[in-house]
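One structure is given below, encoded as structure tokens.
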Amino acid sequence: MSKSEVAKLAATGYLEESTQFPCKTFSYALESVEGINELSASMETDKIIMQVPASFVKDWVVNDVVGINSNQPLTANSSLFLLLEKDFVCLDETTEDQGDNYENPNKSC
């Protein structure tokens with residue numbers, strides 16, 4: 001996530017983005033939730049919603065923690081791996097605008 005996305009999630013408790021496809025729009029959202037300790041996710045029609053612990057979100061904007069992850073149980077033998085991370089400036093050449101990304105802690109590849 002970019003700096004502004006992390007800040008918006010911390011300030012409002014909710015962040016949603018979408019991608020347009022020819023016949024549908026796919027959306028994904030992050031929701032800050034009180035009283036949970038791990039990431040969890042649900043899927044509604046054409047939208048994935050990831051619930052993020054509010055205690056993590058409020059400090060994330062000002063600390064150096066890169067991200068959070070968890071395994072959400074699905075069945076007795078399977079789980080869904082969830083990962084939420086800050087975006088760092090790439091170390092290799094890229095044409096993508098990275099002005100809103102976090103400074104990369106590595107100085108070389």
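Of the numbered criteria (1) at pLDDT 95 or above; (2) out of contact with any Ser or Thr (no Cβ under 8 Å at 6 or more places or on another chain), the one residue 40 fails is (2). Of all positions in the range 23-34, at least one carries a residue that is among the hydrophobic types (A, V, I, L, M, F, W, C), more than 11 Å from the chain's Cα centre (by Cα) and surrounded by 10 or more Cβ atoms within 10 Å (Cβ to Cβ). All told, residue 36 meets the bar of being part of a loop (DSSP other than H, G, I, E, B) and farther than 15 Å from residue 1 by Cα. When you scan the range 3-13, do you find a residue that is loosely packed, with under 13 Cβ neighbours inside 10 Å and among the charged types (D, E, K, R), even just one? Looking for residues that are loosely packed, with under 13 Cβ neighbours inside 10 Å and among the charged types (D, E, K, R), one finds none in the range 3-13, hence no.
Against the list (1) small (Gly, Ala, Ser); (2) under 15 Å from the mean Cα position of the chain (by Cα); (3) surrounded by fewer than 16 Cβ atoms within 10 Å (Cβ to Cβ), the condition residue 70 fails is (3).
The values are calculated or read from the model by the stated rules, or taken from the named source; none is laboratory data. Since this is a predicted model, take the numbers as computed values, not measurements. Every residue, glycine as well, gets a Cβ built from its backbone with ideal geometry; the counts of neighbours run over all protein chains shown.
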